[in-house]
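Structure first, commentary second.
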Amino acid sequence: MKTVNDFNFKDKKALVRVDFNVPQSADLKVTDNSRIVAVKPTIEKILNDGGCVILMTHLGRPKGKVSEEFSLENIIPEIEKVFGKKVQFCPDCMGEDAKNMTGCLKPGEILLLENLRFYEEEEEGNVEFAEKLSKYGDAFVNDAFGTAHRAHASTAVIAQFFPNTKFFGLLMAKELRAIDKVLKDGEKPVTAILGGSKVSSKITIIENMLPAVDNLIIGGGMAFTFVKALGGQIGNSLVEEDKLRLALEILEKAKAQNVKVHLPIDSVIADEFSNDAEIKEVDVYDIPEGWMGLDAGKKTQLMNHDVIMNSKTILWNGPVGVFEMPNFSAGTVALGDSIAEATELGAFSLVGGGDSVAFVKQFGYEDKVSYVSTGGGAMLESLEGKELPGVKAIND
Ligand code: AMP
């Protein structure tokens with residue numbers, strides 16, 4: 001894997017694709033700067049070598065139209081705060097201004113180009129657009145893991161114009177190593193915990209992970225499709241009726257590959273989908289009509305704890321209950337605690353994709369696990385075994 005650490009950027013202009021698609025408040029202030037913080041090591045490495053940095057990113061979905069709402073000028077103060085440096089701004093990523101401003105950039109300086117998606121060509125993966133961008137720099141660095149699953153002009157197509165000077169940024173390298181640590185060279189036993197609402201959105205992940213894992217913990221709403229397929233009474237719990245057969249097939253495949261599947265034993269059930277609902281804890285195979293399972297019960301929590309404490313590598317994707325409602329968050333909190341404990345004792349833990357990342361941040365587990373992925377969709381596609389276009393373009 002060729003990273004920025006394999007090159008000396010002295011007197012070079014580095015064209016760095018980052019993912020500064022950050023959340024903003026109504027008055028367009030940045031509300032979570034993690035994506036900016038995450039690329040700081042890459043930027044510092046280039047500047048410390050004596051190079052300069054031209055930052056390229058998208059923000060939101062302007063769909064080829066210029067709009068103030070999606071202008072990157074709004075996020076400059078936050079970037080300057082994080083980097084502790086002045087950041088110049090070019091109000092167009094194409095045209096004379098961009099040519100002149102990138103041409104005049106001196107070692108140690110940072111320039112941010114306006115939103116790439118103000119041009120439709122970016123998402124179309126247009127080659128001429130990518131070539132024009134490529135003229136601004138001597139080297140191309142991709143540190144936009146969150147966008148690596150897109151074959152856009154600035155994330156993939158552009159790399160062909162830098163056959164010998166294209167590199168992964170340090171964030172991208174960290175994300176890819178974390179995935180390899182789980183899927184390729186994870187210390188055994190390897191355990192994947194998959195939760196969330198739907199089996200259908202996780203099938204490809206499950207199938208791709210089976211050869212790599214020893215244990216598969218299935219929790220959350222998607223577990224009920226498995227329980228029903230096995231003959232359980234699940235009341236009004238979430239279920240995908242058209243996936244019952246598939247659930248049984250997955251269990252058979254897992255058995256054939258010596259993967260131990262751990263389904264819930266008990267469930268916290270409610271008489272309506274509300275934090276104020278009446279609550280009981282019952283056997284997961286025996287949920288009365290009119291009631292629905294919304295969290296993992298105590299026996300399930302203990303079982304999960306045992307499996308996790310006996311694991312050396314852990315992947316977690318998806319909550320095991322409706323953690324957004326306080327009365328149904330205990331199962332996911334217990335799971336977070338178990339993963340944190342195993343991590344403290346030396347296990348490697350990766351939290352990736354969607355709602356489990358939100359949970360980890362909201363409930364303060366970020367520093368208690370080994371790695372929290374910054375790329376939702378890109379992480380999910382990696383776990384599905386797909387080669388990301390942004391990664392392939394650098395590797396080719
Ligand atoms: P996903 O986006 O598929 O990872 O699903 C995440 C969502 O699953 C979260 O919003 C949870 O509230 C929801 N979820 C977890 N467990 C259950 C459950 N037992 N019933 C319904 N929804 C659930």
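The values are calculated or read from the model by the stated rules, or taken from the named source; none is laboratory data. The shown structure was predicted, so the numbers you read here are calculated from the model rather than taken from an experiment. So basically every Cβ, Gly included, is an ideal-geometry build from the backbone, and we count neighbours across all protein chains shown. Just so you know, the surface numbers come from the protein's heavy atoms only, side chains and all, with ligands and any DNA or RNA stripped out. Shrake-Rupley method; radii C 1.70, N 1.55, O 1.52, S 1.80 Å.
Is it true that some residue in segment 319-326 is within 12 Å of the ligand (Cβ to nearest atom), open to solvent by less than 30 Å² (accessible area, probe 1.4 Å), acidic (Asp, Glu) and not in a helix (DSSP H, G or I)?
No - not one qualifying residue is present in segment 319-326.
If a residue must be in a loop (DSSP other than H, G, I, E, B), under 19 Å from Gly60 (Cβ atoms) and not β-branched (Val, Ile, Thr), how many such residues does segment 140-163 contain?
Number satisfying all stated conditions: 7.
Of the numbered conditions (1) within 11 Å of the ligand (Cβ to nearest atom); (2) in contact with a Pro (Cβ under 9 Å, 6 or more places away or on another chain); (3) at negative phi; (4) not in a helix (DSSP H, G or I), Phe224 fails exactly one; give the number of that condition.
(4)
How about segment 1-114: which helices (runs of 4 or more DSSP H) wholly inside it have at least 1 residues that are among the polar types (S, T, N, Q)?
Because the criterion is at least 1 residues that are among the polar types (S, T, N, Q), the helices (runs of 4 or more DSSP H) in segment 1-114 that meet it are 34-37, 40-49, 95-104.
Of all residues in segment 95-128, which are closer than 13 Å to Gly64 by Cα and either open to solvent by 60 Å² or more (accessible area, probe 1.4 Å) or in contact with a helix residue (DSSP H, G or I) (Cβ under 7 Å, 6 or more places away or on another chain) (or both)?
Once the filter is applied, which keeps residues that are closer than 13 Å to Gly64 by Cα and either open to solvent by 60 Å² or more (accessible area, probe 1.4 Å) or in contact with a helix residue (DSSP H, G or I) (Cβ under 7 Å, 6 or more places away or on another chain) (or both), segment 95-128 yields Glu114, Asn115, Leu116, Arg117, Tyr119, Glu120, Glu121, Glu122, Glu123, Glu124, Gly125.
Output the residues belonging to segment 200-214 that are of a type outside the set (Ser, Thr, Tyr), in a loop (DSSP other than H, G, I, E, B) and within 16 Å of the ligand (Cβ to nearest atom).
Across segment 200-214, the qualifying residue is only Lys202.
Check off (1) over 21 Å from Leu183 (Cβ atoms); (2) within 19 Å of the chain's Cα centre (by Cα); (3) buried (at least 22 other Cβ atoms within 10 Å of the Cβ) for Phe363 and give me the number that stays unchecked.
(3) is the only condition that Phe363 fails.
Lys312 fails exactly one of the following numbered conditions: (1) in contact with an Asp or Glu (Cβ under 6 Å, 6 or more places away or on another chain); (2) open to solvent by less than 10 Å² (accessible area, probe 1.4 Å). What is the number of that condition?
(2)
Could you say which residue among Leu238, Leu194 is within 12 Å of the ligand (Cβ to nearest atom) and open to solvent by 50 Å² or more (accessible area, probe 1.4 Å)?
Leu238
Got a sec? Which of Ile217, Ile269 is outside any loop (DSSP other than H, G, I, E, B), open to solvent by less than 40 Å² (accessible area, probe 1.4 Å) and out of contact with any helix residue (DSSP H, G or I) (no Cβ under 7 Å at 6 or more places or on another chain)?
Only one candidate passes the filter, namely Ile269.
What are the pairs with Cβ atoms under 8 angstrom where one residue, in segment 239-266, is on the phi < 0 side of the Ramachandran plot and the other, located anywhere, is open to solvent by 30 Å² or more (accessible area, probe 1.4 Å) and of a type in the set (Ser, Thr, Tyr)? Sequence gap at least six, or different chains.
Once the first residue is on the phi < 0 side of the Ramachandran plot and sits in segment 239-266, its partners that are open to solvent by 30 Å² or more (accessible area, probe 1.4 Å) and of a type in the set (Ser, Thr, Tyr) give Glu240/Ser200; Lys243/Ser200.
What about Glu289, is it of a type outside the set (Ser, Thr, Tyr), away from the ligand (no atom under 16 Å from the Cβ) and surrounded by fewer than 17 Cβ atoms within 10 Å (Cβ to Cβ)?
For Glu289, the condition - of a type outside the set (Ser, Thr, Tyr), away from the ligand (no atom under 16 Å from the Cβ) and surrounded by fewer than 17 Cβ atoms within 10 Å (Cβ to Cβ) - is met.
Which of the residues that make up segment 366-381 are open to solvent by less than 30 Å² (accessible area, probe 1.4 Å), within 16 Å of the ligand (Cβ to nearest atom) and modelled with pLDDT of 90 or more?
Correct list: Val372, Ser373, Ala378, Met379.
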